[in-house]
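The values are calculated or read from the model by the stated rules, or taken from the named source; none is laboratory data. All values reported here derive from a predicted model rather than from experimental measurement. Because the Cβ atoms are built from the backbone with ideal geometry, glycine has one as well, and the counts that use them run over all protein chains shown.
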Amino acid sequence: MKLNYKRFLKIFAFGIGILAILSFAASYGFNYWLKNNLPEIIKKRSPYNITYQHLDVDIKTGNITAKKINISNKKPNNQNEIGLDGSIGELKISSLGIWDALYNKVINTDDVTFVQPKLRVVLAKPKDEKTSNNSKQPILFKNIHVQNGDIDILKFNKDSLVTVKNLNLELTNFRMTEKDVKQKLPVVFDSYSISGENFIYRDENIYDYKAKRIATENGQMSIKGFELKPLLTQQQFAQKYPNKTNLFAVVSREMTFKDIGFKDNKISLAEVKFDSPDIKIMSTNGKSPKSQKNFSYDIELDNISLKNGNILMLKPDESQHFQLKKVSANMNKIMMNEETSKGEIPFKYGAYRFETHDFNYNPGKYYKLSLSSLVLDNHKITVSDFSFLPTMNRTQFNKSIPVQEDLYTVKIPKIELAGYKVSNLNNHLQVEANNLNVYQMYMNIFSSNLPPQDPTPRTFFSEKFRKIKFPLTIHHTKVINSLLEYEETDKGALAPGKLSFANLNVGIENINTAKLKGKNTMVTVNGKTSFFGTSPTTVLWTFDVANPHDAFNFKANINNLDASRIKDFIRPYLHVSTSGMINSVDFDFKGNKYGIKGPFLMTNTNLKVELLDDKNQKKKKFLSFLTNWFIKNNTGNAPKQIDVDYTRTEKRSLFNLLWRGIETGLKGSLIGDTSKIEKTVDDIKEKKEKIKQKIDARKQKNQAKKGLFNGLFKKKETATD
């Protein structure tokens, strides 16, 4: 049978024509039907009251255009539906699943464009995972476009969430899930472009995140007039949230970043920059429970920088805790998540640099700490003009402390820590440094016996290091060209006794906290100084941090000491004044927290000692003569070694214990064997008493003779009469 092509083509063309006519008729008919029946469908099927002035529907593509739309909720108090209230100048929807929209209450579209929307959106109440039936989200927009919109988004309970004016927004591959809403990450998307004014985001009725203007350009977002504003006072926050520890307030002239990402429950940002931020941290006495989850999502920041910022931290009583000025900082590869929050450092990081000026810190009412600059990076820390100064004078300090306590005054022009490493292995902090250099330090330690004695034993350096909870090692430490002073006074002293170490140069090896098994825990201190500014002195001090008895060795040699220079030290306690030259002092003490002992040897030239009364005012001439006589006769060419053995009864500081050891040695060397002096004095007193008795006896005998002669002369006179 021969095929008739012409007839076939006619039939095919006729069929196509019929289909086209039917399609047009169906489209026109559906548009006509939809225009006439949509209000009734919306009324029956939609949770919203919707009116419009123009509607165009393409049944083939699912594209819809509507203009001058007004929308409101049928049930404003229904928390299970998203609430919409307001108007839209024009709405364009592409590839809409019309059947789902009309009968399943699900809006599923590839693209949606809102022109001049003025909407108030109330989010539906998040569903509990245990009771949720995993129903589909009512609105599924793949790509969203907003032009010149004013948007207010509220939580299901009508608390404000987001407000923005004059919004222009482009989002691609936009997704929203119930789980994300519950975990405070309400949306995820692939790319974005946004601009808007007077942006406000409210977080848990604690903070408002504000911005005067936000805009994106070439993938970078700029936020001008940024402010993190607390909605509560510091005291209100502490009362309402006892498990939270800090309240923050931030104002920044501009904040910029790029490559923002919301994906897989993770927020990522790159090139984050803060310009001239003022940051206030208000601490409370709250404590976060250990079981509390700190992160609902992960945060990744790549290259964050801060320029010319100020940071202020307040104590719970609203007084200043510390202040940082002119802060500049850079840090990259920052990661914060639930796992990192468990460590001593709650985040991971890569390279960093931090610089601040005019740092002020108040560690307590007795001191203030300050420095002119602090610069640190991954390898080095430099501090300039460090000072740790009392807030009151010595008299005020003694009156204000309940028990005896040392008063410190410290000034250091420069401190350098080089080759340091901070690690967070297995969520445990560990710090190691190669070199610590301290330049031209001035330190004065003042101790007074006037306040009541502190029954709490003072700890030595070994115990102080042991009490540091994390492994810390500083391999090499140098104290360069410094001055150390130690002063002590009591009720019987007119002025404090004083030890001075000028031109102090010290090398310290292996500062550690004895937290690493198998590592050396011995600390060695080698020092050279000028005792009282004139006498060359060498010191070797060793102690083992791991030793529970805080055992130590302290060996020193002092040469060419002008005896008059030590008057300030010995006069208040020994009631002695000295002159002449001490050729050398050598001592080798071994001690621990129970006491100190060891040999003390002093050689001298023409040393003279003056013993004073208890008020250190009048010279005891005779006793001074005897003391000098014994020193001269007992010293000779073979000076006597003093064996110091002092028991630590007062449980005071290491410096005090060393003082007591030196004081015991000096007392033995300067005054000598007081028993011999006392015996000589007693012998002289005894001889003096015997001489006096003989004189008195002669006087009495002469008086008796005189009385006898007077009697005889009296008898003669009577007889003559």
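Among the residues of region 373-396, not a single one is outside the structural domain of E271 (by TED's automatic domain parsing), at pLDDT below 90 and small (G, A, S). For region 196-207, a residue qualifies if it is surrounded by fewer than 17 Cβ atoms within 10 Å (Cβ to Cβ) and part of a strand (DSSP E or B), and the qualifying residues are E197, N198, Y201, D203. How many residues are at pLDDT 90 or above and surrounded by 15 or more Cβ atoms within 10 Å (Cβ to Cβ) when one looks only at region 446-477? Residues that pass the stated criteria total 14.
Do we have any residue at all in region 216-236 that's among the acidic types (D, E) and more than 30 Å from the chain's Cα centre (by Cα)?
Yes - at least one qualifying residue is present in region 216-236.
Could you list all residues from region 210-221 that are within 16 Å of M255 (Cβ to Cβ) and modelled with pLDDT under 90? Of everything in region 210-221, those that are within 16 Å of M255 (Cβ to Cβ) and modelled with pLDDT under 90 turn out to be T216, E217, G219, Q220, M221. For region 510-533, the tally of residues that are touching an Asp or Glu at 6+ places or on another chain (Cβ under 6 Å) and among the hydroxyl-bearing types (S, T, Y) stands at 2.
Before we move on, is Y408 loosely packed, with under 15 Cβ neighbours inside 10 Å, within 30 Å of Q453 (Cα to Cα) and outside the structural domain of S268 (by TED's automatic domain parsing)?
Here the answer is yes, as Y408 does meet what is asked.
Rundown of residues vs (1) free of Cβ contacts under 8 Å to residues at least 12 places away in the same chain; (2) under 29 Å from the mean Cα position of the chain (by Cα), yes/no style:
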position: G419; (1), (2): no, yes
position: H428; (1), (2): no, yes
position: E432; (1), (2): no, yes
position: Y442; (1), (2): no, yes
position: L450; (1), (2): no, no
position: K464; (1), (2): yes, yes
position: T489; (1), (2): no, no
position: G497; (1), (2): no, no
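Within region 526-533, at least one residue is surrounded by fewer than 16 Cβ atoms within 10 Å (Cβ to Cβ) and outside any loop (DSSP other than H, G, I, E, B).
The single condition among (1) free of Cβ contacts under 8 Å to residues at least 40 places away in the same chain; (2) in contact with a Lys or Arg (Cβ under 9 Å, 6 or more places away or on another chain); (3) of a type outside the set (S, T, N, Q); (4) over 23 Å from F465 (Cβ atoms) that A502 does not satisfy is (2).
Note on region 534-560: residues that are part of a loop (DSSP other than H, G, I, E, B) and touching a residue at least 12 places away in the same chain (Cβ under 8 Å) total 7. When region 306-341 is examined, which residues are found to be among the basic types (K, R) and assigned to a loop (DSSP other than H, G, I, E, B)? Of everything in region 306-341, those that are among the basic types (K, R) and assigned to a loop (DSSP other than H, G, I, E, B) turn out to be K315, K333. Do we have any residue at all in region 341-358 that's in contact (Cβ under 8 Å) with a residue 60 or more places away in the chain, of a type in the set (A, V, I, L, M, F, W, C) and under 30 Å from S276 (Cβ atoms)? Among the residues of region 341-358, at least one is in contact (Cβ under 8 Å) with a residue 60 or more places away in the chain, of a type in the set (A, V, I, L, M, F, W, C) and under 30 Å from S276 (Cβ atoms), which makes the answer yes.
Those strands (runs of 3 or more DSSP E) of region 361-461 in which at least 3 residues are over 30 Å from E339 (Cα atoms) and of a type in the set (V, I, T), considering only elements entirely within it, cover 407-425.
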